[in-house]
1. Among the residues of segment 162-184, which ones are outside any helix (DSSP H, G or I) and either of a type in the set (F, W, Y) or open to solvent by less than 80 Å² (accessible area, probe 1.4 Å) (or both)?
2. Pull up segment 221-246, narrow it to residues that are open to solvent by 40 Å² or more (accessible area, probe 1.4 Å) and touching a Leu at 6+ places or on another chain (Cβ under 6 Å), then point me to the one that is farthest from Q56 (Cα to Cα).
3. State which residue is nearest to L199 (Cα to Cα) when the search covers only segment 100-146 and only residues that are of a type in the set (K, R) and outside any loop (DSSP other than H, G, I, E, B).
4. Scan segment 185-220 for residues that are in contact with a helix residue (DSSP H, G or I) (Cβ under 8 Å, 6 or more places away or on another chain) and open to solvent by less than 50 Å² (accessible area, probe 1.4 Å) and report the count.
5. Take segment 137-161 and flag every residue that is farther than 17 Å from W96 by Cβ, polar (S, T, N, Q) and open to solvent by less than 40 Å² (accessible area, probe 1.4 Å).
6. Kindly check whether there is at least one residue in segment 192-201 that is at pLDDT 95 or above, acidic (D, E) and assigned to a helix (DSSP H, G or I).
7. Quick check on D91: is it open to solvent by 70 Å² or more (accessible area, probe 1.4 Å) and not in a loop (DSSP other than H, G, I, E, B)?
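The values are calculated or read from the model by the stated rules, or taken from the named source; none is laboratory data. Predicted, not measured: the structure shown is a model, and the values here were computed from it. Positions of Cβ are generated from backbone atoms using ideal geometry, with glycine treated the same way; all protein chains shown enter the neighbour counts. Calculation scope for accessible area: heavy atoms of the full protein, side chains included, ligands and nucleic acids excluded. Shrake-Rupley method; radii C 1.70, N 1.55, O 1.52, S 1.80 Å.
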Amino acid sequence: PSERQNDVDLKQLEEKRTDAYAAQLEAWLRDYLVDQYPQRAAQAWHRDYTSVEAYQQSVEPQRLGWRNVIKPPALVKTGPVQHAPHAPLADLQAEWVSVPLGGLAAEGIFAVPKDATPDKPVPLVIVQHGIGSFPERNFGVMDEGDAYHSYARRLVESGFAVITPLNLRSVERRNRIERLCRLADLSLPGIELVRMQRLLDEALEDPRVDRDRVGMWGLSLGGLATMFWTPLEPRIKAAVVAGWFNHRRNKMVIPDE
């Protein structure tokens, strides 16, 4: 055979060989992630439903394991917190809050119902925007198509204080920063969890806010944040995950339209 024919034969062999290896990897990982999951879960989870306290104690190993996945860094307030009137939401008397955290800052919107007082403190909801969005959109600002239904505004009008953290927007930005986080043995959701916690610290210092009634409501990537953060922030007593309902094995492993 000619040299060109040898090259063609080798290319076909290499393609077939690589396809076979890829299929091996796919099958091996799918077996581990899907088929073996019930057995692994049965060994890992031992939930005790006899009381709330017993349940919390029984899932504590998983909570610690989850913290090791999210890898939240230790970020503390490093200077005075800045509060500024936020013009796009002037009718709600909302503020833009910035908490310095060394080289980072926790930033977001803080809005309290006008009739809230220290004598009548109101519950607080952490409202988290999605991957292609920003804090104001939860209030209906520049919300083309009304994807958010102005739910942060509706919460304030219904008697809830709201903090809406600024998280990093766009897939490209997040993928880039996530790669850097992995090199640093961190994660972007972990960093943004701690930023939210520092904003929550500040909001709960306001005497108009009831420290014992805190919830979280996130949409899309904010729904992911709600699922990721609630197990690691015990001050969150109720959580609403919107627009992030999927079975992780189906979404990530099993081809599923």
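1. Of the residues in segment 162-184, the ones outside any helix (DSSP H, G or I) are 162-170, 184.
Hits for segment 162-184 are V162, I163, T164, P165, L166, N167, L168, S170, A184.
2. Filtering first and then ranking leaves G243.
3. Step one: filter segment 100-146 for residues of a type in the set (K, R), giving 114, 120, 137.
Add one more test, that the residue is outside any loop (DSSP other than H, G, I, E, B), and what stays is 120, 137.
Numbers: K120: 22, R137: 19 Å.
Looking at residues that are of a type in the set (K, R) and outside any loop (DSSP other than H, G, I, E, B), I get R137.
4. Narrowing segment 185-220 to residues in contact with a helix residue (DSSP H, G or I) (Cβ under 8 Å, 6 or more places away or on another chain): 187-193, 196, 209, 211, 214, 216-219.
Next, from what is left, pick out any that are open to solvent by less than 50 Å² (accessible area, probe 1.4 Å): 187-193, 196, 209, 214, 216, 218-219.
Looking only at that region, the number is 13.
5. Answer for segment 137-161, where residues must be farther than 17 Å from W96 by Cβ, polar (S, T, N, Q) and open to solvent by less than 40 Å² (accessible area, probe 1.4 Å): just S150.
6. Of all residues in segment 192-201, those at pLDDT 95 or above come to 192-201.
Those left that are additionally acidic (D, E): 192, 201.
Of the ones still in play, those that are also assigned to a helix (DSSP H, G or I) are 192, 201.
Checked segment 192-201: at least one residue is at pLDDT 95 or above, acidic (D, E) and assigned to a helix (DSSP H, G or I).
7. On the way: open to solvent by 70 Å² or more (accessible area, probe 1.4 Å): yes; not in a loop (DSSP other than H, G, I, E, B): yes.
The answer is yes for D91.
For every residue, the table says whether it meets (1) of a type outside the set (D, E, K, R); (2) over 28 Å from the mean Cα position of the chain (by Cα); (3) closer than 30 Å to N167 by Cβ.
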position	(1), (2), (3)
A20	yes, yes, no
H46	yes, no, no
W66	yes, no, yes
P72	yes, no, yes
P85	yes, no, yes
P88	yes, no, yes
